Amino acid sequence: MASDNTLAPVVPKSTRPTTSQQQRSQQQQQQQQQQQQPVSSELSYLPVGGTAAAGVGVAEAAHASGPYQPTPVYPQSAPYQQQQQSAPFQPYQLQPMPPFYSYNSDFPNNNRLSGGTPPSSNHTTQLGGYEQSHSTDSTHRSSRNMSPAPEPNYNLIQTDATLEGLAQRWHAYQAVMKKHYAEDPFYKRWTRSKWMLLFSALLLLGYSVVILYYSLTYILQKVPESPVVMEFHSNLVYLSFAGSIFGIGSALVGLVGILLEKRTWLSLYTIVLWPGFALYVAVGYIAFRRAKQHLRAHIREEWLYEYTREQRLLVQRNLFCCGFQDPTYFAAYDMRCFPMTTLPGCQHKYSLFEKDLLTTLWTWSFTIAP
């Protein structure tokens, strides 16, 4: 029979596990178990300077695709300090916001309660073709010592309703856009057709302003010939004035569409060009038809059978003539014009005046209309 006092095999002292090694192995096993077991929790909030209420633990979030990562706890806004509201943690979506975008933290749809990025976390965005690293820390404390130049890691997406935060966000936005345009200026991205479109819009704006100026000088009678022109060709003056207004308006619409690269504005620019084109063509057509169809004969018939005494006096005073062929032939007598005067007749002067005026109108109208 074997003795009960059989000795156990003696293990060398060097191979015995120590207490520290046992603790280390137990910790590793616990960590592996925590990583394997999915943990579902909510994002909890703690009031400023206080602790969590009963039944609300520290916020922890587990990602199914990665190891366990605790979610940091941060204070909620003032109206919700006494309310332990929680929201599930959602991944942050990087969407750049305008520089002066702000929100009201008194409503539950703000950046914190809607699952936004918690403070003290860094992320990287793609803005303007350049990779920018931003920090979502609040700008309220750092804005007190704000320098003229923006911080390189300032967050253009984090909203901040304070005046200092808006100013710092605007400086950061300007710095980013300045860098973007310095490396890739707009004139290098413009095509030849766009430059031609810009040149045509500027040309339309230029000669429309000139036509508006001359139309106003005749309407306000700032030139010596304006009374005669407004008496017998007021329709041409008003058509030119309307065409210049349409030309200026369409040119401004076109410039906005070209600079902003908006198809809506460019389409409107194309539509508004047609009324201006029609008005310029109408001026040219009326002037050309009168100038080329027996102008001297038309002037003679109008002087003899259509003009009143006031109209004849108006022509005689502005052109310094008397009568039609001579002072005794259908003249309107006054202190200057009488039968024994030395002034010539108005037929030649008036015909040259009408011919020069009408030729200038139809030539320029058909030139600028296309």
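Between the alpha-carbon centres of region 246-301 and region 171-235 there is a gap of 15 Å. Pick out, from Thr342, Gln325, Thr308, the residue whose Cα sits farthest towards the positive end of the charge dipole of region 304-354, with +1 on the Cβ of Lys and Arg and -1 on the Cβ of Asp and Glu. Value computed over the given set: Thr342.
Provide Leu260, Leu361 in ascending order of the number of other Cβ atoms located within 10 Å of each residue's Cβ, fewest first.
Details: Leu260 10, Leu361 22.
If I rank by nearby Cβ atoms, fewest first, I get Leu260, Leu361.
Partners of Lys262 within straight-line reach, counting lysines whose Cα lies under 18 Å from its Cα and excluding those fewer than 8 residues away in the same chain: Lys194.
Bridgeable lysines around Lys178 (alpha carbons under 22 Å apart, same-chain partners fewer than 8 residues away excluded): Lys188.
Using C-alpha pairs under 8 Å with a sequence gap of at least 6, the mean separation divided by the residue count of region 229-304 gives a relative contact order of 34 percent.
Read-outs throughout are calculated quantities, based only on the coordinates presented, and are distinct from any laboratory measurement. These numbers come from a predicted model, not from an experiment. Please note: Cβ atoms are built from the backbone with ideal geometry, for glycine as well, and neighbour counts cover all protein chains shown.
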